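Each remark here refers to the structure printed beneath this line.
Each reported figure results from applying straightforward, stated rules to the coordinates on display, with no laboratory input. The shown structure was predicted, so the numbers you read here are calculated from the model rather than taken from an experiment. Virtual Cβ from ideal backbone geometry, glycine too; neighbours counted across all protein chains shown.
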Amino acid sequence: MKCILKNIAEKTRQKEKAETDAIKSEIDNPSTPNDRRNFLKKAALGGIALTGVMKLSMEDTIAQTTQNVQRSSSPSELKITDMRYATIMSKHIIRIDTNQGIYGLGEVRDGADARYALFLKSRILGLNPCNVEMLFKIIRQFGSHGRQGGGVCAVEMALWDLTGKAYGIPAWQLLGGRYRDKIRLYADTPGAGDPQAFALTMKKRVDEQGFTWLKMDLGIHVVANIPGALVNTKFWDGAAGQYDLKDYMNYGNALHPFTQIQITEKGLDGLAEYVEDVRNAVGYEMPLCADHFGHFDVNNAIRFGKRMDKYRLAWLEDMVPWFYTDQCKTLSDALETPIATGEDIYMLKGGFKPLLDARAVDIIQPDLGTSGGLLETKRIGDYAEESGVAMAMHMAGSPVCFMANVHCAAATQNFLALEHHSVDVPYWGNLVKMTGGKPIIEKGFANVPIDAPGLGIELNEEECKKHLGRDGKWFEPTPEWDAKVSHDRLWS
């Protein structure tokens, strides 16, 4: 019997060696497509036939037969081995890989360059991704306000996703636990030319889509075609609508105090009528906030805000540039309607702390894709809470960035609502697969993943590949970003 088993085992080993050699040859062949090569690598790691186990020791047999069982990894031995990206629905999704096969997903903020994140690859290669705060301190100097914070934040998101997967727990648990199981969403609703049609769209958000908080675009574009509504717009190309940001001397790059655009009484009447139509459609029980007013100075902002006070808007957003702390305070002190700002501020000390210390803002509104990621945004919220200020969250990304926001919102007590910027994109929710037991959104609320590690998502490759960027890349190798060639220390 032993002789028969020995012969069977020997033949099996010979067959397996031939198969292994064939697989290795195909992997090494430069003409083998990447998808096929990845499949073959996984197949090569898939184990050996039962008969091949016969000559193994008991310990080796157990190791062999359980090698594909999903484990939470060995966190202390994790090392970052790669960073790659794919552009999906114009958003740059990064993937940080490790020596143990687990990976983390992050997203560069909307409108930012993928290279903001790729530049950081050489700074984190070979390090343990679970040391999130230490790695953040290494890379934070390479981020800044606006879209320039997008790379640092994308990496930070991916690190928390990776760490959660390594330890087998959700990201919100790593931030200290959760305050809520559902995250209230506010639906972004871009402006329409017809106020009545716009009001009907807002009503649809409530009756059909289940939202309990709404946002509208409200500004000088609404009254741009009314003769005598505005002063000095014709000097500025595109002042009443879309504007070209590539021209540095154009309206889009002119700070609010420097345009000398004014709103007449006739213009204020038109804006008030517009808001009244929307209020009549959705009622006064519904929180309704506003954004995209145009670039005009603080005096016109006060005149405009006072006309809006009676409509009890939830907030007026970014009426003046966030770094004009004194002007923000002047505006906040003059109006009953809350003033919100923050989507372009990088880190707590970068701009939130001065605004909060001066009591210059009523609601802070960080964008997690700029503000520093999950932990820094929670710290921003916690500092605001100590100042008696609530936190809403700005978000215009894919489900990857969205879920990072969900975890942060769950862990922050003074949170109000999170923006959903893609309500009308039919495939948006299909870009990811939830790894927990609940869907991503139910009737105007996002579900906090309770039973899934990390961010609680995996990319839906089939759906994502339908919406790739112009380069068509799907997490291709990025060896050109491996080498660090500069001395980064900021002190001597």
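Binning the C-alpha pair distances of the stretch 175-456 at 5 Å intervals from 0 yields a P(r) profile of 1, 6, 12, 16, 18, 17, 14, 9, 5, 2, 1, 0 %, listed from the shortest bin outward.
Taking Cα centre as origin and charging only the Cβ of basic (Lys, Arg, +1) and acidic (Asp, Glu, -1) residues, the dipole magnitude of the chain rounds to 1720 debye. Principal-axis analysis of the Cα atoms of the chain puts helix 2-28 at an angle of about 40° to the longest axis. Using Cα atoms only, what is the angle between the long axis of helix 374-386 and the major principal axis of the chain, expressed in degrees (0 to 90) to the nearest 10? The angle comes out at about 40 degrees. Full extension of the chain segment joining Ile450 with Asp207 gains 84.7 nm, where the gain is 0.36 nm per residue of separation less the Cα-Cα distance.
DSSP finds beta bridges in the stretch 175-456, and of those with both partners inside it, around 25 percent are antiparallel. Considering only beta bridges that DSSP places wholly inside the chain, some 55 percent are antiparallel.
Exceedance of the 21 Å cut-off in Cα-Cα distance is limited, within the set Lys121/Lys433; Lys137/Lys353; Lys91/Lys438; Lys91/Lys137; Lys266/Lys329; Lys182/Lys438, to Lys121/Lys433; Lys91/Lys438; Lys91/Lys137; Lys266/Lys329. A simple rule links phi to the HN-Hα coupling: the Karplus curve 6.51 cos²θ - 1.76 cosθ + 1.60 with θ = phi - 60°, which for the stretch 440-453 gives 5, 9, 9, 6, x, 10, 8, 7, 7, x, 8, 10, 9, x Hz, with x for Gly and Pro.
How big is the dipole moment of the stretch 293-444 about its Cα centre under a simple scheme where the beta carbon of each Lys and Arg is +1, that of each Asp and Glu is -1, and everything else is neutral? Debye, nearest 20, please. Charge dipole of the stretch 293-444: 280 debye, to the nearest 20. Loop by DSSP (not H, G, I, E, B), at most 15 other beta-carbon atoms within 10 Å: where is the longest site-free stretch of the chain for GluC sites (Glu not before Pro)? Counting only loop sites that pass the neighbour cut-off, the longest clear stretch is 1-207. Charged neighbours of Phe293, selected by a Cβ distance under 10 Å, balance to -4 (K, R count +1; D, E count -1). Among the chymotrypsin sites (Phe, Trp or Tyr not before Pro) within the stretch 404-479, those in coil by DSSP and having at most 14 neighbouring Cβ atoms inside 10 Å are Tyr427. Once amide H atoms are placed 1.01 Å from N in the peptide plane, what residues at a sequence separation of 5 or more from Tyr186, or on another chain, have their amide H within under 5 Å of its amide H? The list, which skips near neighbours in sequence, is Leu418, Glu419, His420. Scanning residues 5 or more positions from Val432 or on other chains, those with amide H under 5 Å from its amide H are Asn460, with H placed 1.01 Å from N in the peptide plane. Computing Rg and the Kirkwood Rh from the Cα coordinates of the chain gives a ratio, Rg/Rh, of 1.07. Taking amide H as placed 1.01 Å from N in the peptide plane, the amide H of Lys473 sits under 5 Å from that of Thr87, each at least 5 places away or on another chain.
Shown in residue order for the stretch 481-488 are the 3J(HN,Hα) couplings computed by the Karplus curve 6.51 cos²θ - 1.76 cosθ + 1.60 at θ = phi - 60°: 9, 6, 8, 9, 10, 10, 9, 9 Hz (x for Gly and Pro).
Principal-axis analysis of the Cα atoms of the chain puts helix 150-167 at an angle of about 50° to the longest axis. In order along the stretch 135-147, the Karplus-derived 3J(HN,Hα) couplings, from 6.51 cos²θ - 1.76 cosθ + 1.60 at θ = phi - 60°, round to 5, 4, 5, 5, 9, 4, 5, 9, x, 7, 6, x, 5 Hz, and Gly and Pro are given as x. Take the Cα of Ser492, step 7 Å toward its Cβ, do the same at Glu463, and the gap between the two points is 5.5 nm. Projected over every direction and averaged, the convex hull enclosing the alpha-carbon atoms of the stretch 140-220 yields 8.7 nm². When the helices of the chain are scored as -39500 (n - 2.57) per DSSP H run of n ≥ 4 and the total is divided over every residue, the value at 222 nm lands at -10500 deg cm²/dmol. The trypsin sites (Lys or Arg not before Pro) of the stretch 334-395 meeting both criteria, a DSSP state outside H, G, I, E and B (loop) and at most 14 other C-beta atoms within 10 angstrom of the site's C-beta, are Arg359.
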